[in-house]
Amino acid sequence: MSDFAADITKAYAVEGPYVDLGRGVLDDETHPDAMVRVPLAMMNRHGLVAGATGTGKTRTLQVLAEQLSAGGVACLVADVKGDLSGIADPGDPSPEGAAAKRCAKLGVPFEPTGFPVEYLSLGGIGAGVPVRATVSDFGPQLLAKILGANETQEQSLQLVFHYADTHELPLLDLADLRALLQFLDSDAGKAELEGIGGLSSATVGVLLRSLIGLETGGGNEFFGEPQFDITDLIRTAPDGRGVISCLELAGVQDRPQLFSTALMWMLAELFETLPEAGDLPKPKLVFFFDEAHLLFADATDAFLQSVVQTVRLIRSKGVGVFFVTQTPKDVPGDVLGQLGNRVQHALRAFTPDDAKALRATVGTFPKSDIYDLEELLPKLGIGEAIVTVLDEDGVPTPVVQTKLSAPRARMAPTDDVAAAVAASPLNAKYGTRLDNQSAREILAARIEDATAPEPSPAAPAPTPDAEHVPYPRKAPSRRKRTPAGDAVGGGTGAIGDFLNSRQGKTLQRQVVRGMFDLLRKKL
Ligand SMILES: Nc1ncnc2c1ncn2[C@@H]1O[C@H](COP(=O)(O)OP(=O)(O)OP(=O)(O)O)[C@@H](O)[C@H]1O
Ligand SMILES: [Mg+2]
């Protein structure tokens, strides 16, 4: 064994289960005995997969997801182009295939394998079990992000949600939000808001206009019931392998704000739902956030703070997040600093801007004794990367040029996503959209009955119509899963009576909804 291979093997030694990332490369030579590995126990310390287009990011993601699944860890992968759906099928067995040839170079046997996959889609746009969220659950901050709202508009949305909460108006879909905005901008609505802050007609106008874009841009499909239960992502197949949930986003590729914010909502739901788990031998779920730059572009400070906090706190719930994007500078420093595992594919260096980005990227890696990263990064081959991860003690490993492992499953789209979806038990649960009574109907009744006396501002009692709303619908099933929720949802006696009362339910809803708001309270 060369000194190089011995050093790398030692630096990347792992006693427990691990992901085999590939083999070390020095001076253009691949060393089959220089194993580059990342412990499963460190996969909740988050990561970044970066690189110019076509350099191998998606295959790296596939390699990680396959091996996590094999190790019993569930994954969610954002399949932006639809080119990850083949992960359910075994790879090309021909010795002339790209994967077989790569394995031969790495000195490992090639075993074509298909993995347990669940296909999801946003609201049923494209093939995949529909993932939906209610507007109420999505919360004002994420909604503001999706609408491209500024700070003032975001604060107005906070007020609107607060009103809906305290008046027990379920905001299930965008039509509910539209109805509520219109109501609050009416004379009757303005009177209701007295004392808790105003809502300017100009702001309402902007929000209503931006809602049109969201409604026609996938929001009508995505928002509504039944809401996706996020714990459905954490499943294992009967053989013990983790289920890979492929969120098929090809149908909404041109609506990046929608899918990036929806992904953030899923992460927020996980944060809210899962109990504290501390450091586990392997994560419960690893979340691959593709096109991550979209999440950070034009974000308000408050939103960014919430993302930073989510990423920081979700690790102790057993969830790892891998951001996939073109360059590390797409990711804010506070987030980047928390990404312990780094796979950096080739970067271009054509223009002065490229050169600047390259230097900035090099600056985010530990210094290397054996590589000149600024020279090496533009020259990396496809499926090669600069790697540093956390070892079993949580210490960053030395930087190593790595020829990445080959995926064992197919590297192209699968033939029939629709058939897999039709056969999925989740499709029975989420396939059909529900249309329950919500804010729109309640408000319509209220406006129609304009001659009725206004509820007193001091004690804004719900309208008789609201009594019939099965509210809150989602909260009980979600609360069951958190220890705090158990105390809330399952209580008996005086506390239970209070919590089952209207006022109590409103409180619960405010607590369980929108971890973004929750976090802001904690900050
Ligand atoms: N680890 C790998 N094993 C085998 N082939 C690979 C590997 N990585 C990359 N390739 C080859 O390179 C091609 C491009 O890789 P990939 O699609 O992952 O790039 P990308 O960085 O995701 O590109 P884009 O930015 O366009 O999405 C693959 O189709 C595959 O043929
Ligand atoms: Mg890709």
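With respect to being within 14 Å of the chain's Cα centre (by Cα) and assigned to a helix (DSSP H, G or I), residue 258 fits the description. The residues of region 15-63 that are away from ligand 2 (no atom under 16 Å from the Cβ), in contact with a Phe, Trp or Tyr (Cβ under 8 Å, 6 or more places away or on another chain) and of a type in the set (A, V, I, L, M), listed by number, are 26, 34, 35, 36, 38, 40. Once region 246-269 is narrowed to residues that are in contact with a Lys or Arg (Cβ under 9 Å, 6 or more places away or on another chain) and open to solvent by 20 Å² or more (accessible area, probe 1.4 Å), the residue that is modelled with the highest pLDDT is 250. Does residue 70 meet the test of being more than 16 Å from ligand 2 (Cβ to nearest atom), within 27 Å of residue 34 (Cβ to Cβ), among the hydrophobic types (A, V, I, L, M, F, W, C) and open to solvent by 10 Å² or more (accessible area, probe 1.4 Å)? Taking the combined requirement at face value, the residue satisfies it. Among the residues of region 316-345, those that are within 16 Å of ligand 2 (Cβ to nearest atom) and either out of contact with any Phe, Trp or Tyr (no Cβ under 8 Å at 6 or more places or on another chain) or open to solvent by 20 Å² or more (accessible area, probe 1.4 Å) (or both) comprise 325, 326, 327, 330, 343, 345. Does residue 57 count as touching a Ser or Thr at 6+ places or on another chain (Cβ under 9 Å) and within 14 Å of ligand 1 (Cβ to nearest atom)? Here the answer is yes, as residue 57 does meet what is asked. Tell me, which residue of region 73-100 that is of a type in the set (D, E, K, R) and within 16 Å of ligand 2 (Cβ to nearest atom) is modelled with the lowest pLDDT? If we take residues in region 73-100 being of a type in the set (D, E, K, R) and within 16 Å of ligand 2 (Cβ to nearest atom), then 81 is modelled with the lowest pLDDT. For region 232-245, indicate whether the set of residues that are under 13 Å from the mean Cα position of the chain (by Cα) and crowded, with 17+ Cβ neighbours inside 10 Å is non-empty. For region 232-245, residues under 13 Å from the mean Cα position of the chain (by Cα) and crowded, with 17+ Cβ neighbours inside 10 Å: present.
Candidates in region 60-74 are the residues that are more than 11 Å from ligand 1 (Cβ to nearest atom) and under 16 Å from the mean Cα position of the chain (by Cα); of these, the one that is farthest from residue 395 (Cα to Cα) is 74. Condition (residue is assigned by TED's automatic domain parsing to the domain that holds residue 10, within 16 Å of ligand 2 (Cβ to nearest atom), within 30 Å of residue 4 (Cα to Cα) and crowded, with 22+ Cβ neighbours inside 10 Å) applied to region 406-426: is it met by at least one residue? Yes, because at least one residue in region 406-426 is assigned by TED's automatic domain parsing to the domain that holds residue 10, within 16 Å of ligand 2 (Cβ to nearest atom), within 30 Å of residue 4 (Cα to Cα) and crowded, with 22+ Cβ neighbours inside 10 Å. Going by what's in this entry, would residue 8 be described as touching a residue at least 40 places away in the same chain (Cβ under 8 Å) and within 16 Å of residue 386 (Cβ to Cβ)? Judged against the criteria, residue 8 is a match. Residue 77: away from ligand 1 (no atom under 11 Å from the Cβ), outside the structural domain of residue 403 (by TED's automatic domain parsing) and open to solvent by less than 10 Å² (accessible area, probe 1.4 Å), yes or no? Answer is no for this residue.
Of the residues that make up region 3-15, is at least one touching a strand residue (DSSP E or B) at 6+ places or on another chain (Cβ under 9 Å), among the hydroxyl-bearing types (Ser, Thr, Tyr) and more than 23 Å from residue 411 (Cβ to Cβ)? Checked against the condition, which is being touching a strand residue (DSSP E or B) at 6+ places or on another chain (Cβ under 9 Å), among the hydroxyl-bearing types (Ser, Thr, Tyr) and more than 23 Å from residue 411 (Cβ to Cβ), region 3-15 yields at least one hit.
Which ones in region 270-293 are within 16 Å of ligand 1 (Cβ to nearest atom) and either modelled with pLDDT under 85 or aromatic (Phe, Trp, Tyr) (or both)? Walk me through how you get there before you give the answer.
Filtering region 270-293 down to residues within 16 Å of ligand 1 (Cβ to nearest atom) leaves 288-293.
Selection gives 288, 289, 291.
The values are calculated or read from the model by the stated rules, or taken from the named source; none is laboratory data. This one's a predicted model, so the numbers in the text were calculated from it and none came from an experiment. Counting neighbours? That spans all protein chains shown, and the Cβs are built from the backbone with ideal geometry, glycine included. Keep in mind that these areas ignore ligands, DNA and RNA; they rest on the heavy atoms of the full protein, side chains included. Shrake-Rupley method; radii C 1.70, N 1.55, O 1.52, S 1.80 Å.
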